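These notes concern the structure reproduced below.
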Amino acid sequence: MAMNYSHAFHAGNFADIVKHAALLALLGRLQADPAPLAVIDTHGGRGLYDLDAPEARRSAEAERGIARLLEDPAPPEAVGRLKAAALAASQAAGGRRYPGSPLLVAQRLRPQDRLTTFEFNPREAEVLKASLAGARAVSVETADGYDGAVRSLPPEGQALVLIDPPFERGDDYDRCIATLQAITRRCPGAAIMIWLPIKDLETFDAFVRRAEEIRPVRIAEVRLRPLLDPMRMNGCALVLAAAPEGLDLDLAAICEWTASRLGEGGRARLWGSA
Ligand SMILES: C[S@@+](CC[C@H](N)C(=O)[O-])C[C@H]1O[C@@H](n2cnc3c(N)ncnc32)[C@H](O)[C@@H]1O
């Protein structure tokens, strides 16, 4: 397992903005339906990140990401929700903080909803439990999130699965595909969002082709810059299945804002079916 990855270096970067703004939009649209919603977050991370910690300062990724969103006086609504969440997390802590996916979800659960999140690294899992202390209807498991997601699918009601691996290990791509397949078999109506880095086109295209063999997917893509250097994260994408009606509007606004405000000759694209 990828025990060395620490999201503390990357929290609040452009990719987090795309992923987390899309997550908030997905939640909002699914919660328009009163049926209970079970959210499963396969790779939980820490839940709350200190942007003044040495890791964040060293990488300065948040300075090129969330810091720029905080400076935007009038972002589109779908991005503005994340700005508000980051401001609230900082105000509550009395310092610069950035909320991760499990915290964003935990704060938005209705009485009928629940969150199950997995974090394989025991040290990160302890921090995650502390970040979520006091949250209702939330369970944190120090376990593998791919297997955990499939066994946590609810027998009825709505489900949303976020799959957000570090992609440090070669098998993360294979395991995402296997999990997409297993969820599709067990719970075809579950909304699924897989986050992917874009370094080179070959890896990305191969993944999308394999996903499309399983079911129709919609892709929200942001490229910060032309893909000239395959060693850099030049962009990111969200691969979505069973996305709720209207989500495209949010995704378009989120990807456009990120490509134009945080990119250098960046571009945004929504494509695929679903
Ligand atoms: C990209 S971070 C997650 C960030 C989080 N989803 C967020 O948006 O705030 C990936 C996390 O997955 C953990 N991890 C790696 N492999 C895992 C696995 N197989 N199951 C569960 N967690 C895993 C890593 O320790 C790391 O904390």
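Can you work out the FRET efficiency for the pair GLU71 and ASP200, with r the C-beta to C-beta distance and R0 = 45 Å, to the nearest 0.05?
Efficiency, from the Cβ-Cβ distance: 0.90.
Remark on the chain: Rg and Dmax equal 17.1, 48 Å (Cα only).
Label sites at ALA178 and ARG215, each approximated as a point 7 angstrom past Cα along Cα to Cβ, lie 1.9 nm apart. Taking 17 Å as the straight-line reach from the Cα of LYS199, the lysines in range (excluding those fewer than 8 positions away in the same chain) are LYS19.
Arranged from highest to lowest average of other beta-carbon atoms within 10 Å per residue, in what order do the peptides 157-164, 18-25 appear?
Details: 157-164: 23.2, 18-25: 25.6.
Top to bottom by mean Cβ count within 10 Å: 18-25, 157-164.
Shown here for region 29-103: GluC sites (Glu not before Pro) in loop regions (DSSP other than H, G, I, E, B) with at most 16 other Cβ atoms within 10 Å, namely GLU63. Extension gain for ALA84 to GLU126 (0.36 nm times residue separation, less C-alpha to C-alpha distance): 12.5 nm.
In loop segments of region 199-258 as defined by DSSP, the GluC sites (Glu not before Pro) with at most 12 further C-beta atoms inside 10 Å of their C-beta are GLU245.
A straight line joining the Cα centroids of region 143-160 and region 102-137 runs 15 Å. Under 5 Å between amide hydrogens, built in the peptide plane, is the criterion, and for VAL161 it picks out ILE40, ALA191, ILE192, MET193 among residues at least 5 positions away or on other chains. Note on the chain: with a GNM built from Cα contacts shorter than 10 Å, the maximum mean-square fluctuation among PRO73, PRO197, PRO154 falls on PRO73. Taking label positions 7 Å along the Cα-Cβ direction at both ARG232 and ARG151, the computed distance is 4.3 nm, reported to one decimal. Working from label points 7 Å from Cα in the Cα-to-Cβ sense, the LEU249 to ARG58 distance is 4.4 nm.
Could you tell me which of rounded, prolate or oblate describes region 95-177, using a ≥ b ≥ c as the square roots of the eigenvalues of the alpha-carbon gyration tensor, with rounded for a/c under 1.5 and, failing that, prolate when a/b is larger than b/c and oblate otherwise? Walk me through the intermediate numbers first.
On the way: a/c = 1.84, a/b = 1.14, b/c = 1.61.
Since a/c reaches 1.5 but b/c is at least a/b, the shape of region 95-177 is classed as oblate.
The mean sequence separation of alpha-carbon pairs under 8 Å and at least six residues apart, normalised by the residue count of the chain, gives a relative contact order of 22 percent. The trypsin sites (Lys or Arg not before Pro) of region 152-212 that DSSP puts in a loop, and whose beta carbon has at most 15 other beta carbons within 10 Å, are ARG169. Most simply put, region 7-272 has about 55% antiparallel DSSP beta bridges, counting only bridges with both residues inside it.
We did not get these values from a lab; they are worked out from the coordinates using the rules stated. On a predicted model such as this, the values are computed, not experimentally measured, just so you know. Ideal geometry is used to build each Cβ from the backbone, glycine not excepted, and the neighbour counts take in all protein chains shown.
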